[in-house]
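Asks: Sharing a structure, written as structure tokens. Questions coming.
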Amino acid sequence: MFLSVFDIFKIGIGPSSSHTMGPMTAAGRFLDDLRRGREKEPGAGTLAGLGASLHGSLAFTGKGHASDRAICLGFMGFLPDTLDPDVVEGMITDLKHSKTVTPEGFGPLSFDPACDLHFDFERALPGHANGMILRAFDEAGNLYLEETYYSIGGGFVVTAAELDEMARGDTAALHDQKVAQGYHFPSGSAGEMLDMGRAAGKTIAQMKELNELSHVPRTEMDRKLVCIRDAMFSCIDRGLAMEGELPGGLHVKRRAKHIHDQLKAEQGQNLSQPHTINDWISVYAMAVNEENAAGGRVVTSPTNGAAGVLPAVLRYYRDHCVGATEAGQRDFLLTAAAIGGLIKHNASISGAEVGCQGEVGSASAMAAAGLCAALGGSNAQIENAAEIALEHHLGMTCDPVGGLVQVPCIERNGLGAIKAVSAASLALRGDGSHFMPLDNCIEAMRQTGRDMDEKYKETSLGGLAVNLPEC
């Protein structure tokens with residue numbers, strides 16, 4: 001499956017792409033099936049109500065990741081990319097009282113979150129750690145329609161049948177299909193991508209752009225790229241302006257504004273240490289992830305939990321790097337998306353599947369590649385930068401305290417951004433040749449995630465999540 005830049009970068013709301021955006025999107029798809037009149041269960045009467053059950057990681061950390069609220073909002077007819085975060089609280093309160101949703105195209109449907117939304121901690125679904133079953137019922141309470149969905153990371157949602165089809169996918173047939181559909185550079189690995197670039201004399205960004213232009217007019221692609229970039233920077237700006245305590249009960253205070261104010265006050269006074277540039281990079285990332293933790297509008301990059309890494313490095317490029325240009329920002333995003341697509345295709349970007357190495361690790365690799373490209377790196381140097389960044393996140397667990405995307409997630413994004421800048425810099429100091437290919441590093445991440453204990457994969461059952469201060 002060809003992954004567009006706009007599959008990798010999606011505007012949505014926090015705190016989680018897989019646990020918030022995914023369930024909301026699944027609920028929207030389920031409503032679409034009902035609207036299309038998909039065949040109902042034999043003997044079912046008139047559609048009258050909705051229900052849902054969350055399984056695996058969606059059950060264990062669903063409350064902290066607002067999965068229950070996402071299902072509610074999805075059943076109301078909202079979608080992540082158009083939802084105004086400021087209206088959420090009022091809509092959820094109204095639903096708790098009315099116990100009824102009225103999405104577009106339907107009459108009132110009964111849905112009481114307290115009774116009709118079940119967190120199933122006992123039964124994990126076989127396809128993926130982030131599984132959910134959505135149901136519709138008739139006026140007598142009989143099953144009208146049922147569908148199983150999996151949120152596979154980064155806001156991507158598939159049905160059980162679609163996941164099976166993906167698992168049976170024929171790589172050679174998929175390559176031929178991409179060529180037939182007009183994709184000029186349908187690489188399934190970093191090695192193929194480098195070979196194609198050498199043969200065609202094109203950069204990774206140019207190849208990614210030509211693939212996009214196979215199906216989207218240039219004006220539309222340019223508009224959407226600018227929209228994604230501006231959404232990233234707007235999120236940073238909002239985070240740098242906000243104060244107070246993050247929701248969820250951990251009493252974590254926002255720090256980005258305070259740190260940013262200190263950094264601005266030091267400018268021009270010859271007070272900063274050379275390493276202060278790391279604080280600038282970190283504060284940009286922390287600003288995004290504080291916004292994400294508060295349920296604000298973010299861009300999956302490639303996930304919400306890792307949404308701060310790439311925007312922080314892009315902002316670092318724009319505001320701190322010598323010779324930064326608009327064209328450089330464009331190459332940054334196109335190149336980063338190409339690397340993100342390879343990681344998702346060959347491993348995973350889901351914390352519930354492979355741990356945080358798949359989220360912050362992937363984001364750091366994407367950001368390193370993007371920065372290297374923006375600074376004029378060759379394709380070989382870009383691949384090297386991505387490998388360095390990913391390699392040094394291997395084995396990182398996903399153990400959010402309290403099931404919230406706050407501790408250690410906010411700081412972890414800052415460190416992932418710093419690693420990305422360091423990786424790009426190291427790669428630019430070399431000629432692109434290196435020992436460990438990116439493809440092998442991606443495979444090592446996949447294997448590590450497969451072998452990782454489930455308690456370290458976004459269940460909040462191990463690691464930092466169970467080692468809390470006693471007072």
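Asks: Identify the residue in region 137-152 that is in contact with a Gly (Cβ under 7 Å, 6 or more places away or on another chain) and part of a strand (DSSP E or B) and, among all such residues, is farthest from PRO80 (Cα to Cα).
Replies: So the residue we want is ASP138.
Asks: Could you check how many residues of region 215-243 are small (Gly, Ala, Ser) and more than 19 Å from the chain's Cα centre (by Cα)?
Replies: If we filter region 215-243 for residues that are small (Gly, Ala, Ser), which is where we start, we get 231, 234, 239, 241.
So of that shortlist, the ones also more than 19 Å from the chain's Cα centre (by Cα) come out as 241.
Qualifying residue count for the region: 1.
Asks: Whether any residue in region 100-108 is closer than 12 Å to GLY51 by Cα and at pLDDT 95 or above is what I want to check.
Replies: Yes, there is a match, as at least one residue in region 100-108 is closer than 12 Å to GLY51 by Cα and at pLDDT 95 or above.
Asks: Then there's this: Could you tell me whether region 20-34 includes any residue that is buried (at least 18 other Cβ atoms within 10 Å of the Cβ), touching a His at 6+ places or on another chain (Cβ under 7 Å) and of a type outside the set (A, V, I, L, M)? Break it down into steps so the answer makes sense when it comes.
Replies: Residues of region 20-34 buried (at least 18 other Cβ atoms within 10 Å of the Cβ): 20-28, 30-31, 34.
Still in the running and touching a His at 6+ places or on another chain (Cβ under 7 Å): 20.
Narrowing the set further to residues that are of a type outside the set (A, V, I, L, M) leaves 20.
Yes, region 20-34 has at least one match.
Conditions tested, residue by residue: (1) of a type in the set (Asp, Glu); (2) part of a helix (DSSP H, G or I); (3) touching a residue at least 40 places away in the same chain (Cβ under 8 Å); (4) touching a Leu at 6+ places or on another chain (Cβ under 9 Å).
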| position | (1), (2), (3), (4) |
| --- | --- |
| TYR183 | no, no, yes, yes |
| ASP195 | yes, yes, no, no |
| LYS208 | no, yes, yes, yes |
| LYS224 | no, yes, yes, no |
| ASP230 | yes, yes, no, no |
| PHE233 | no, yes, yes, yes |
| GLU243 | yes, no, no, no |
| GLN273 | no, no, no, no |
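Asks: A follow-up question, please. Among the residues of region 96-105, which ones are crowded, with 17+ Cβ neighbours inside 10 Å and either in contact (Cβ under 8 Å) with a residue 60 or more places away in the chain or under 30 Å from CYS398 (Cβ atoms) (or both)? Outline the logic, then answer.
Replies: Taking region 96-105 first, the residues crowded, with 17+ Cβ neighbours inside 10 Å are 101, 103.
Once the filter is applied, which keeps residues that are crowded, with 17+ Cβ neighbours inside 10 Å and either in contact (Cβ under 8 Å) with a residue 60 or more places away in the chain or under 30 Å from CYS398 (Cβ atoms) (or both), region 96-105 yields only PRO103.
Asks: What are the residues in region 328-337 that are buried (at least 24 other Cβ atoms within 10 Å of the Cβ) and in contact with a Phe, Trp or Tyr (Cβ under 9 Å, 6 or more places away or on another chain), if any?
Replies: PHE332, LEU333, ALA336, ALA337
Asks: Let me ask something else about it. Consider GLY131 carefully, then state whether it is touching a Phe, Trp or Tyr at 6+ places or on another chain (Cβ under 6 Å) and of a type in the set (Gly, Ala, Ser). I'd like the intermediate steps shown before the answer.
Replies: Working: touching a Phe, Trp or Tyr at 6+ places or on another chain (Cβ under 6 Å): yes; of a type in the set (Gly, Ala, Ser): yes.
Answer is yes for this residue.
Asks: Condition first: crowded, with 22+ Cβ neighbours inside 10 Å, over 27 Å from GLY127 (Cα atoms) and basic (Lys, Arg). Can you find one or more residues in region 425-439 that meet it?
Replies: no
Asks: Where in region 16-94 are there helices (runs of 4 or more DSSP H), lying fully within it, with 3 or more residues that are within 28 Å of LYS455 (Cα to Cα) and within 16 Å of the chain's Cα centre (by Cα)? Step through it out loud before you land on a result.
Replies: Values: elements: 22-35, 57-60, 67-76.
Result: 22-35.
Asks: Quick check on ILE410: is it among the β-branched types (Val, Ile, Thr), assigned to a helix (DSSP H, G or I) and at pLDDT 95 or above?
Replies: Details: among the β-branched types (Val, Ile, Thr): yes; assigned to a helix (DSSP H, G or I): yes; at pLDDT 95 or above: yes.
Yes.
Asks: Does PRO247 qualify as being closer than 30 Å to PRO469 by Cα and either of a type in the set (S, T, N, Q) or part of a loop (DSSP other than H, G, I, E, B) (or both)? Lay out the reasoning, then the answer.
Replies: On the way: closer than 30 Å to PRO469 by Cα: yes; either of a type in the set (S, T, N, Q) or part of a loop (DSSP other than H, G, I, E, B) (or both): yes.
Judged against the criteria, PRO247 is a match.
Conditions (1) more than 29 Å from GLU162 (Cβ to Cβ); (2) modelled with pLDDT of 95 or more, marked per residue:
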position: LEU83; (1), (2): no, no
position: VAL88; (1), (2): no, no
position: ASP94; (1), (2): yes, yes
position: SER110; (1), (2): no, yes
position: CYS115; (1), (2): yes, yes
position: PHE119; (1), (2): no, yes
position: ALA124; (1), (2): no, no
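Asks: Residues of region 275-323 being closer than 20 Å to SER362 by Cα, hydrophobic (A, V, I, L, M, F, W, C) and free of Cβ contacts under 8 Å to residues at least 60 places away in the same chain, which ones?
Replies: Within region 275-323, just ALA287 meets the criteria.
Asks: Assess whether GLU359 counts as being surrounded by fewer than 24 Cβ atoms within 10 Å (Cβ to Cβ), assigned by TED's automatic domain parsing to the domain that holds ALA307 and either under 21 Å from VAL313 (Cβ atoms) or touching a residue at least 40 places away in the same chain (Cβ under 8 Å) (or both). Outline the logic, then answer.
Replies: Working: surrounded by fewer than 24 Cβ atoms within 10 Å (Cβ to Cβ): no; assigned by TED's automatic domain parsing to the domain that holds ALA307: yes; either under 21 Å from VAL313 (Cβ atoms) or touching a residue at least 40 places away in the same chain (Cβ under 8 Å) (or both): yes.
Taking the combined requirement at face value, the residue does not satisfy it.
The values are calculated or read from the model by the stated rules, or taken from the named source; none is laboratory data. Bear in mind that the values here come from a model prediction, so they are computed numbers and not experimental data. So basically every Cβ, Gly included, is an ideal-geometry build from the backbone, and we count neighbours across all protein chains shown.
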